[in-house]
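*Asks:* Below you will find the structure I want to go over with you.
The values are calculated or read from the model by the stated rules, or taken from the named source; none is laboratory data. Remember, predicted model here, so these are calculated numbers, not experimental data. Quick reminder, even Gly has a Cβ in these numbers, built from the backbone with ideal geometry, and neighbours come from all protein chains shown. Quick note on the areas: whole protein, heavy atoms, side chains included, nothing else; ligands and nucleic acids left out. Shrake-Rupley method; radii C 1.70, N 1.55, O 1.52, S 1.80 Å.
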Amino acid sequence: ANAIAHLLLNSDKLAASPDDKLAAHFTGNKEKWRKGYDALAAKLAKFGADVALSPNRTYINLQRGSKKFGIVQVASAERLDIGIKLKGVAPTARLEAAGAWNAMVTHRVRIDDPKQIDAEVVAWLKQAYAAAA
(Lines give C-alpha, C1' and ligand atoms only; values in the text may rest on other atoms or scores of the structure.)
Protein backbone atom coordinates (compact mmCIF):
# COMPACT_ATOMS: atom_id res chain seq x y z
CA ALA A 1 0.00 0.00 0.00
CA ASN A 2 2.85 2.36 0.82
CA ALA A 3 4.46 1.75 -2.58
CA ILE A 4 1.18 2.45 -4.38
CA ALA A 5 0.66 5.66 -2.41
CA HIS A 6 4.22 6.73 -3.21
CA LEU A 7 3.65 6.11 -6.94
CA LEU A 8 0.39 8.05 -6.91
CA LEU A 9 1.87 10.99 -5.01
CA ASN A 10 4.96 11.17 -7.23
CA SER A 11 3.50 10.22 -10.61
CA ASP A 12 4.42 13.60 -12.11
CA LYS A 13 8.10 13.00 -11.30
CA LEU A 14 8.06 9.49 -12.79
CA ALA A 15 6.52 10.69 -16.03
CA ALA A 16 8.91 13.60 -16.51
CA SER A 17 10.78 13.60 -19.80
CA PRO A 18 14.60 13.76 -19.82
CA ASP A 19 14.34 17.41 -20.93
CA ASP A 20 12.04 18.19 -18.00
CA LYS A 21 14.38 16.39 -15.60
CA LEU A 22 17.32 18.37 -16.97
CA ALA A 23 15.45 21.67 -16.75
CA ALA A 24 14.59 20.96 -13.11
CA HIS A 25 18.30 21.19 -12.22
CA PHE A 26 18.44 24.80 -13.45
CA THR A 27 15.34 26.39 -11.93
CA GLY A 28 15.17 29.54 -9.87
CA ASN A 29 18.49 30.90 -8.64
CA LYS A 30 20.34 27.93 -10.21
CA GLU A 31 19.46 29.14 -13.72
CA LYS A 32 22.85 30.85 -14.08
CA TRP A 33 24.49 27.41 -14.43
CA ARG A 34 22.50 26.36 -17.50
CA LYS A 35 24.64 28.14 -20.10
CA GLY A 36 27.86 26.69 -18.63
CA TYR A 37 26.34 23.22 -18.48
CA ASP A 38 25.15 23.45 -22.09
CA ALA A 39 28.65 24.48 -23.21
CA LEU A 40 30.12 21.54 -21.28
CA ALA A 41 27.55 19.16 -22.79
CA ALA A 42 28.54 20.28 -26.29
CA LYS A 43 32.21 19.56 -25.51
CA LEU A 44 31.34 16.16 -24.04
CA ALA A 45 29.35 15.25 -27.15
CA LYS A 46 32.55 15.64 -29.19
CA PHE A 47 34.17 12.81 -27.19
CA GLY A 48 32.15 10.25 -29.16
CA ALA A 49 28.74 9.10 -30.31
CA ASP A 50 28.43 6.93 -27.21
CA VAL A 51 28.28 9.87 -24.76
CA ALA A 52 24.96 10.06 -22.91
CA LEU A 53 23.85 12.76 -20.49
CA SER A 54 21.16 11.29 -18.29
CA PRO A 55 19.54 13.54 -15.68
CA ASN A 56 17.94 12.10 -12.62
CA ARG A 57 16.46 13.88 -9.60
CA THR A 58 19.74 14.86 -7.89
CA TYR A 59 22.40 15.01 -10.60
CA ILE A 60 23.18 14.49 -14.28
CA ASN A 61 24.98 11.28 -15.19
CA LEU A 62 27.79 11.45 -17.73
CA GLN A 63 27.99 8.07 -19.42
CA ARG A 64 29.91 6.26 -22.11
CA GLY A 65 27.38 3.70 -23.19
CA SER A 66 26.28 2.11 -19.93
CA LYS A 67 29.41 3.12 -17.99
CA LYS A 68 29.38 6.26 -15.88
CA PHE A 69 32.47 8.45 -16.16
CA GLY A 70 31.19 11.46 -14.24
CA ILE A 71 28.30 13.43 -12.84
CA VAL A 72 27.22 17.07 -12.68
CA GLN A 73 25.34 18.38 -9.67
CA VAL A 74 24.01 21.90 -9.36
CA ALA A 75 24.73 22.14 -5.64
CA SER A 76 23.36 25.66 -5.13
CA ALA A 77 23.07 29.05 -6.77
CA GLU A 78 26.70 29.58 -5.78
CA ARG A 79 28.24 26.26 -6.84
CA LEU A 80 28.14 23.46 -9.37
CA ASP A 81 30.02 20.22 -8.62
CA ILE A 82 31.50 17.95 -11.27
CA GLY A 83 32.28 14.42 -10.15
CA ILE A 84 34.82 12.51 -12.21
CA LYS A 85 35.73 8.82 -12.15
CA LEU A 86 39.55 8.77 -12.36
CA LYS A 87 40.87 5.70 -10.57
CA GLY A 88 44.55 5.88 -9.73
CA VAL A 89 44.83 9.66 -10.20
CA ALA A 90 46.15 11.58 -7.20
CA PRO A 91 43.99 14.44 -5.96
CA THR A 92 45.18 18.02 -6.38
CA ALA A 93 44.04 21.29 -4.91
CA ARG A 94 41.45 21.63 -7.67
CA LEU A 95 40.74 17.95 -8.40
CA GLU A 96 39.87 16.90 -4.88
CA ALA A 97 39.08 13.40 -3.67
CA ALA A 98 35.33 12.81 -3.76
CA GLY A 99 35.37 11.16 -0.36
CA ALA A 100 31.91 10.84 1.12
CA TRP A 101 30.43 13.36 -1.34
CA ASN A 102 29.54 10.67 -3.89
CA ALA A 103 30.77 7.08 -3.97
CA MET A 104 30.15 6.71 -7.73
CA VAL A 105 33.09 8.98 -8.60
CA THR A 106 36.64 9.30 -7.30
CA HIS A 107 37.12 13.07 -7.60
CA ARG A 108 35.17 16.30 -7.41
CA VAL A 109 35.78 19.72 -8.92
CA ARG A 110 33.92 22.56 -7.22
CA ILE A 111 32.90 25.24 -9.68
CA ASP A 112 32.08 28.70 -8.30
CA ASP A 113 31.92 30.48 -11.65
CA PRO A 114 30.82 29.03 -15.01
CA LYS A 115 34.15 30.20 -16.47
CA GLN A 116 35.87 27.58 -14.29
CA ILE A 117 34.45 24.86 -16.55
CA ASP A 118 37.63 25.16 -18.56
CA ALA A 119 40.00 23.06 -20.67
CA GLU A 120 41.51 21.44 -17.57
CA VAL A 121 38.11 20.15 -16.40
CA VAL A 122 37.28 18.93 -19.92
CA ALA A 123 40.65 17.13 -20.09
CA TRP A 124 39.91 15.29 -16.82
CA LEU A 125 36.48 14.32 -18.14
CA LYS A 126 38.01 13.12 -21.41
CA GLN A 127 40.47 10.99 -19.45
CA ALA A 128 37.59 9.48 -17.47
CA TYR A 129 35.63 8.92 -20.68
CA ALA A 130 38.61 7.07 -22.22
CA ALA A 131 38.92 4.89 -19.10
CA ALA A 132 35.24 3.93 -19.36
CA ALA A 133 35.85 2.08 -22.64
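*Asks:* Looking at the range 22-39 only, could you name the residues that are surrounded by 14 or more Cβ atoms within 10 Å (Cβ to Cβ) and either part of a helix (DSSP H, G or I) or among the charged types (D, E, K, R) (or both)?
*Replies:* Matches in the range 22-39: Leu22, Ala23, Ala24, Lys30, Lys32, Trp33, Arg34, Gly36, Tyr37.
Results for (1) open to solvent by less than 60 Å² (accessible area, probe 1.4 Å); (2) assigned to a helix (DSSP H, G or I); (3) under 16 Å from Gly83 (Cβ atoms), shown as yes or no for each residue.
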| residue | (1), (2), (3) |
| --- | --- |
| Ala41 | yes, yes, yes |
| Phe47 | yes, no, no |
| Ser54 | yes, no, yes |
| Arg57 | no, no, yes |
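*Asks:* Out of curiosity, is Ala93 out of contact with any helix residue (DSSP H, G or I) (no Cβ under 8 Å at 6 or more places or on another chain) and hydrophobic (A, V, I, L, M, F, W, C)?
*Replies:* Judged against the criteria, Ala93 is a match.
*Asks:* Those residues that are within 15 Å of Ile111 (Cα to Cα) and outside any strand (DSSP E or B), I need them from the range 59-86; list them, please.
*Replies:* Tyr59, Ala75, Ser76, Ala77, Glu78, Arg79
*Asks:* Considering only the range 86-133, state which residues are of a type in the set (S, T, N, Q) and within 17 Å of the chain's Cα centre (by Cα).
*Replies:* Within the range 86-133, Asn102, Thr106, Gln116, Gln127 qualify.
*Asks:* Which of the residues that make up the range 88-114 are open to solvent by 70 Å² or more (accessible area, probe 1.4 Å) and touching a residue at least 60 places away in the same chain (Cβ under 8 Å)?
*Replies:* Selection gives nothing.
*Asks:* Can you tell me which of (1) at pLDDT 95 or above; (2) open to solvent by 50 Å² or more (accessible area, probe 1.4 Å) is the one Leu62 doesn't meet?
*Replies:* (2)
*Asks:* Kindly indicate which of Lys30, Lys21, Lys43 is under 23 Å from Gln127 (Cα atoms) and of a type outside the set (Phe, Trp, Tyr).
*Replies:* Values: Lys30 fails: under 23 Å from Gln127 (Cα atoms); Lys21 fails: under 23 Å from Gln127 (Cα atoms).
Unique residue meeting the criteria: Lys43.
*Asks:* Would you mind stating whether Ser66 is within 12 Å of the chain's Cα centre (by Cα) and within 23 Å of Ala130 (Cβ to Cβ)?
*Replies:* No; evaluated as a whole, the condition is false for this residue.
*Asks:* In addition: Within the bounds of the range 74-81, is there any residue that is of a type in the set (Val, Ile, Thr), open to solvent by less than 70 Å² (accessible area, probe 1.4 Å), modelled with pLDDT of 95 or more and closer than 17 Å to Ala128 by Cα?
*Replies:* no
*Asks:* When you scan the range 87-112, how many residues do you find that are more than 23 Å from Ala45 (Cβ to Cβ) and either in a strand (DSSP E or B) or among the acidic types (Asp, Glu) (or both)?
*Replies:* Of the residues in that region, 4 qualify.
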